[in-house]
Every structure is written in C-alpha cells, then in structure tokens.
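Following: one structure in structure tokens, then a few remarks.
The values are calculated or read from the model by the stated rules, or taken from the named source; none is laboratory data. Everything numeric in this text was worked out from a predicted model, so none of it was measured. Please note: Cβ atoms are built from the backbone with ideal geometry, for glycine as well, and neighbour counts cover all protein chains shown. Ligands, DNA and RNA are excluded from the accessible area calculation, which covers all protein heavy atoms including side chains. Shrake-Rupley method; radii C 1.70, N 1.55, O 1.52, S 1.80 Å.
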Amino acid sequence: MYQGAPRLAPQKRCHDLGGYTRAVTLLKSAATVSLLTLASRVTGLVRDLLIASTFGATAMTDAFHVAFRIPNMFRRLFAEGAFSQAFVPTLGISRTQQGDDATKLLIDRVATVLAWVLVLTCLLGVLGAPVLVWAMASGLKQDPRGLEAAIVMTRWMFPYLGLISLAGLCGGVLNTWRRFALPAAAPVLLNLSMIGAAWLGAPWFKSLGLEPIYALGGGVMLGGLLQLGLQLPVLHRMGLLPSIGLRWRAVKAAWQDPATKRVAKLMVPALFGVGVAQISLLINTQYASYMTPGSVTWLSNADRLMEFPTALLGVALGVVLMPRLASAKASEDVDQYSAMLDWGLRLVVLLAVPCAVALLTFSLPLVATIFQHGAYTAEHAYQTSLALTGYGVGLIGMVAIKVLAPGYYASQDIRTPVRIAMVVLLITQLFNLMLVPRLAHAGLALAIGLGALINAVWLAIGLIRRGSYHPRPGWGLFVLQVLAASALLAVFLMWAASAVSWTQMASESWKRVGLLGLVLLASAAIYFSAIWASGLKLRRLLKP
C-alpha cells in the first residue's frame with residue numbers, strides 16, 4: 001500500500017502551518033507597503049520630471065533641492081529616522097507586555113514632548129535659514145540669486161518638518177497596530193501637491209512677478225498638511241489619536257514618564273547614527289555645490305531613481321519587520337526572530353541583485369527616457385546616469401541595511417549600528433578623496449555606494465556573531481542561482497542599451513517610453529525564467 005509523504009506529528013504540523021501563515025502575512029504586508037510605496041515613487045518621479053522639464057538643471061533648481069533637503073535632513077531625526085528607531089520598538093514592546101491602555105498613555109506623552117520640541121526647532125530653523133543654507137551648500141554663492149532663493153525657500157518649507165514628523169509618529173502607531181497601508185500611501189499627497197505647484201503654481205507666480213520656483217515651497221507645505229490630516233481621522237476611530245498637552249504641567253508629566261525617558265534615551269545614539277548619515281549628505285552637497293552648476297540636481301535626480309528599489313524592497317521590508325521583530329524579542333522567540341531576518345535577506349538578494357545589474361548596465365536609457373525632456377538636455381541625462389551608476393554599485397547594501405538595522409533596533413540596541421555608521425562615514429570620505437578628483441559628482445555617488453556595502457556586511461556579521469541571526473541552510477546554492485540569472489540579464493541589458501540611440505529620441509518620447517517598457521518586461525521575463533530554470537522554488541521563500 002502506498003504510504004505517501006511521512007505524516008508529521010500534530011504539534012509539528014501546527015508549528016509548520018503557523019510559520020507558513022506568518023510568512024504569508026509578512027509577504028502580503030510587505031507587498032501592500034511596496035505597492036503603495038511604488039505609487040509614492042511613481043508620483044515622485046512625475047513630480048521630479050515635471051520640475052526638471054520646467055526648470056532644467058540650473059542654479060535655481062540647485063537652490064530648491066538644497067532648501068528642500070534641509071527640512072528633510074531634520075526629518076530624519078524627528079520622523080522616520082532616530083525617533084522612529086527608538087519609538088516603534090518601544091511601542092511594540094509596550095503593547096506586547098503591558099497592553100493597549102498603557103501604550104495609549106505612552107503615545108500621548110511622547111506626542112506631547114515631540115510636539116513642543118518641533119515647535120522650538122521649526123522656529124529656530126526659520127530664523128537660522130541663512131546659516132543652514134551656508135552650512136549645507138555654501139557654493140551657491142557663485143550665483144547670488146541661487147543663494148537668496150535657497151534661503152527664502154528654506155524659510156517657507158522649514159515648518160514642513162513639524163507636520164511630517166507628527167505624521168511619522170502617527171505612522172509609527174499605525175504600523176504597530178499593523179495598519180501599514182495608510183502611512184505608506186501618505187507621501188503620494190506630497191507629490192501631488194508639488195506637481196500641482198509646478199504645473200499651476202509656477203505660471204501663476206510668474207504672472208505675479210514672483211520667482212516661479214518659489215511655488216514649489218507652497219506645494220511642500222500643503223503636502224505636509226495633507227499627510228498629517230490623512231492619518232488623524234483613522235487614529236481617532238481606533239481610539240489612538242495622540243493627545244498633546246498644552247499646559248506646562250502636562251509637558252512636565254510627559255517628560256518625567258519613564259517610558260518617555262526610555263524613548264529619549266534610545267534616541268541619543270540614534271541621533272548620532274542619523275547625524276552621521278546627514279553629515280555625509282552635508283559633505284556631498286557641499287562638494288557638489290562647488291562643481292559645475294547642475295551637479296546638485298544631477299545627484300538629486302539619480303537619488304530619486306535609486307529610491308525605487310531601496311523603498312520598494314528595503315523600506316517596505318523594514319517597515320513590516322520592525323514591529324514583528326520587536327514582538328518576537330519581547331516574547332523571547334529566538335527562532336522566529338532569526339527566521340524573519342533570514343526571510344528578509346533572501347528577498348533582498350533575489351530582488352536587489354537584478355536591480356543593481358540594471359543600474360550598472362542600463363542607467364543612461366533609464367535616465368534619458370524619464371528625465372530628458374524640455375530644458376533637461378542629453379548632457380544632463382548623461383551626467384545623471386553617471387551618478388546613478390555610482391549609486392547602483394551599493395544598491396544591495398542600501399537595501400540590506402533596511403532589513404539588518406531593524407535586527408538591532410528591535411533589541412533596543414541602537415549603539416552598534418551607530419558605531420558602524422561612524423566608521424563607515426570616515427571610510428566614505430576616504431573614497432571621496434580618491435574618487436571625486438577623477439569622477440566629480442559621480443565619485444560622490446560611488447563613494448556612498450561602496451560605503452553602503454561595507455555597512456551592510458558589517459551589520460550582518462555583527463548579528464551572526466551575537467547569535468541573533470543564524471543563516472538557514474542553502475544560501476550558497478541560492479546565491480549561485482541568483483548570480484547566474486543576473487548574468488544572463490546583464491547580457492540582455494547591455495545589448496538593449498547599445499541597440500537604441502536613447503538620448504537621440506527626445507522628440508519621440510512615447511516611442512522611447514514604449515521601448516523602455518518592452519525592455520523592462522523582457523528583463524523581468526528573462527530573469528525569472530532563468531531563476532525557474534535553475535531550480536529555485538520561489539514558493540519556498542514564503543516559509544521562514
């Protein structure tokens with residue numbers, strides 16, 4: 001009589017089924033965040049395309065990018081950066097160990113402290129705009145109009161920091177309650193606001209005798225209001241709307257709360273970590289501001305394209321994994337903690353490697369198709385593609401960091417990633433000294449890419465050595481299968497890049513878009529067909 005597959009004990013079957021169910025839930029959550037992040041990045045790309053075609057790559061666009069970077073730099077501290085790294089794990093542990101009522105009190109008190117800190121910071125930012133612009137990009141003084149425009153737009157946009165930081169707090173609460181969709185969709189509103197500002201606001205400003213690019217500042221502020229306003233009604237219905245204390249007694253009680261102090265204590269090393277990244281950004285922007293006018297814009301547009309794979313893969317996985325890793329750590333489920341990290345890293349390798357291959361072999365066609373319109377010339381496209389190639393070298397590291405760093409944050413260990421980041425910053429500057437004299441702005445991008453690779457490897461080794469992460473069997477064969485499929489993809493993309501004169505098709509935009517779409521579809525078919533032919537079973541990735 002045929003016995004079939006051996007029967008598992010009931011306890012074993014339940015364990016396997018539970019693991020499979022958790023993996024499917026994780027994958028669905030990650031897919032939801034990825035799709036909504038894709039919508040955000042597509043609208044962001046449309047936004048940047050419209051800005052590039054309307055204003056080109058000039059000292060004024062450099063001024064806007066510098067002014068927009070300043071509140072975004074501080075946003076890394078108060079929104080998804082240091083604050084999120086300290087707040088979300090604390091929130092997840094509080095909910096697991098103390099329940100929803102205690103967690104709601106934590107939300108209220110943290111929101112009170114954060115709101116008052118933001119008020120003071122925004123006031124200082126508006127008053128200190130000239131100093132901030134000088135510190136970020138003193139090279140703008142080469143064109144006095146650009147320097148003045150950067151100061152004006154910084155003052156207009158700095159209050160955006162307060163709005164987006166409070167939106168980040170709301171998003172952290174929703175993610176802890178596993179409501180991932182709304183925070184991921186909110187950035188679309190910023191992009192739509194800026195699209196409206198470039199399309200309708202700029203001509204209106206020009207008709208009033210004002211600098212047209214100033215309209216973008218108004219679009220940024222409107223987008224911040226909409227992102228915060230979108231999440232507040234949902235939190236209200238869930239009974240989790242943050243209550244901000246306005247009296248000194250409430251502020252004092254919030255600051256003295258042990259849980260609030262814990263978040264603040266965890267933020268200190270996180271601030272150093274985020275500060276390291278922002279110092280790197282500051283140095284690179286300073287370098288670029290002294291280069292050929294347009295260099296800041298070329299780097300910014302290349303960075304925009306890099307956000308597609310880093311956000312769709314790394315950010316989505318990091319957002320989904322962070323609260324679950326924190327819960328696994330709080331319940332001391334070591335096996336599940338390690339399994340989720342392994343699952344995330346396998347998806348990173350599977351999807352980030354072919355994306356990196358595309359950036360290294362097909363960057364000019366991508367940039368020319370997307371950005372080469374109107375005032376954005378073929379030369380601008382070529383210079384942007386050089387920066388994109390430099391970033392592409394480190395894509396795998398940039399994405400992997402988004403999965404590996406939460407492995408530390410969930411354990412409330414923020415110091416280790418900070419120490420690593422500080423050393424990597426020094427290494428990156430050594431790369432700058434070697435690369436920038438020869439490669440100009442592309443050298444800045446390449447230095448960041450190489451630094452990201454070193455950072456990711458270091459983080460992974462640290463998790464393995466401390467016993468938090470145990471790589472599951474089969475990694476060697478898995479990597480070989482991915483590399484073989486990626487090599488085949490690289491051959492196809494190199495042929496496609498040389499077979500068409502992409503920069504000479506500026507007058508045939510829709511034809512070029514159609515050709516790019518066909519190449520990308522063919523690339524996906526080639527890669528995943530090669531993966532299937534190599535014997536890699538994608539369904540196995542569902543089970544951690």
Original post:
Over all pairs of distinct alpha carbons, what does the Kirkwood formula give as the hydrodynamic radius of the range 104-171, in Å?
Top reply: 13.3 Å
**OP:** Would you mind computing the Rg to Rh ratio of the range 378-478 from its alpha-carbon coordinates, Kirkwood style for Rh?
**Re:** 1.08
Original post:
For q = 0.13 Å⁻¹, what log10 I(q)/I(0) does the range 339-426 give under the Debye formula with an equal point scatterer on each alpha carbon and no solvent?
Top reply: -0.60
**OP:** For n ≥ 4 DSSP H runs only, could you compute -39500 (n - 2.57) per run for the chain, divide by its residues and tell me the 222 nm figure to the nearest 500?
**Re:** -27500 deg cm²/dmol
Subject >> Compactness of the range 376-423 - radius of gyration and Dmax, Cα, Å >> reply: 16.3, 49
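What does the charge count around Leu140 come to, taking other residues whose C-beta lies under 14 Å from its C-beta (Lys +1, Arg +1, Asp -1, Glu -1)?
Working: positive: Arg69, Lys141, Arg145; negative: Asp62, Asp143, Glu148.
Here the count lands on 0.
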Original post:
How far apart, in nm, are the 7 Å Cα→Cβ label points at Leu480 and Val131?
Top reply: 6.0 nm
Original post:
For the chain, the longest stretch holding no GluC sites (Glu not before Pro) located in a DSSP loop with at most 14 other Cβ atoms within 10 Å is which?
Top reply: 1-331
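I need to check one value: relative contact order of the chain, counting alpha carbon pairs closer than 8 Å and at least 6 residues apart, in percent.
Details: 766 pairs, mean separation 111.1, N = 544.
Dividing the mean separation by the residue count of the chain yields 20 percent.
Taking the Cβ of Asp413 as the centre, find all other residues whose Cβ is under 11 Å away and add up their charges (Lys, Arg: +1; Asp, Glu: -1). The partial results should precede the final answer.
Values: positive: Lys329, Arg415, Arg419, Arg466; negative: none.
Result for the neighbourhood of Asp413: +4.
Determine Rg/Rh for the range 200-260; Rg is computed over alpha-carbon atoms and Rh is the Kirkwood hydrodynamic estimate from the same atoms. Mind dumping the intermediate values first?
Details: Rg = 19.3 Å, Rh = 15.1 Å.
Result for the range 200-260 is an Rg/Rh of 1.28.
Nearest 0.05, what FRET efficiency do Ser243 and Trp204 give at R0 = 51 Å with Cβ-Cβ as r? Provide the component values of the computation, followed by the final result.
Values: r = 39 Å, r/R0 = 0.77.
Result of the calculation: an efficiency of 0.85.
Assuming R0 = 22 Å, can you tell me the calculated FRET efficiency for the pair His470 and Gln97, based on Cβ-Cβ distance, to the nearest 0.05?
Working: r = 25 Å, r/R0 = 1.15.
For His470 and Gln97, the calculated efficiency is 0.30.
Pop out the carbon and sulfur fraction of the accessible area of the range 176-252 as a percent, whole number, probe 1.4 Å.
Details: 2800 of 4130 Å².
Using a 1.4 Å probe with all protein chains present, the range 176-252 comes out at 68 percent carbon and sulfur.
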Original post:
Tell me which aspartates and glutamates have Cα within less than 17 Å of Lys104's Cα, excluding those fewer than 8 residues away on the same chain?
Top reply: Asp257
Subject >> Surface accessible to a 1.4 Å probe, per residue, for the residues of the range 109-211, Å² >> reply: 42 Å²
**OP:** Starting from the Cα gyration tensor of the chain, take the square roots of the eigenvalues, sort them a ≥ b ≥ c, and report rounded, prolate or oblate (rounded when a/c is under 1.5, otherwise prolate if a/b is larger than b/c, else oblate).
**Re:** oblate
Subject >> Amide N proximity, the range 106-135 versus Gln256 label position 7 Å along Cα-to-Cβ, cut-off under 20 Å >> reply: 106-117
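Evaluated at 20 °C with a viscosity of 1.002 mPa s, what Stokes-Einstein diffusion coefficient in µm²/s does the range 41-177 have when Rh comes from the Kirkwood expression over alpha-carbon pairs? All intermediate terms of the calculation are to be shown ahead of the outcome.
Values: Rh = 16.6 Å.
It diffuses with D of about 129 µm²/s by this estimate.
Sort largest first and round to whole Å: the equivalent ellipsoid semi-axes of the range 471-544, each the square root of five times a Cα gyration tensor eigenvalue. Mind showing how you got there, number by number?
Working: eigenvalues 222, 32, 16 Å².
Ellipsoid semi-axes (Å, largest first): 33, 13, 9.
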Original post:
Is the range 457-508 rounded, prolate or oblate when judged by the Cα gyration tensor, a ≥ b ≥ c being the square roots of its eigenvalues, rounded requiring a/c under 1.5 and prolate requiring a/b larger than b/c?
Top reply: prolate
**OP:** Kindly identify the range 155-272 as rounded, prolate or oblate by the Cα gyration tensor criterion: order the square roots of the eigenvalues as a ≥ b ≥ c, call it rounded if a/c is under 1.5, otherwise compare a/b with b/c, prolate if a/b is larger, else oblate.
**Re:** prolate
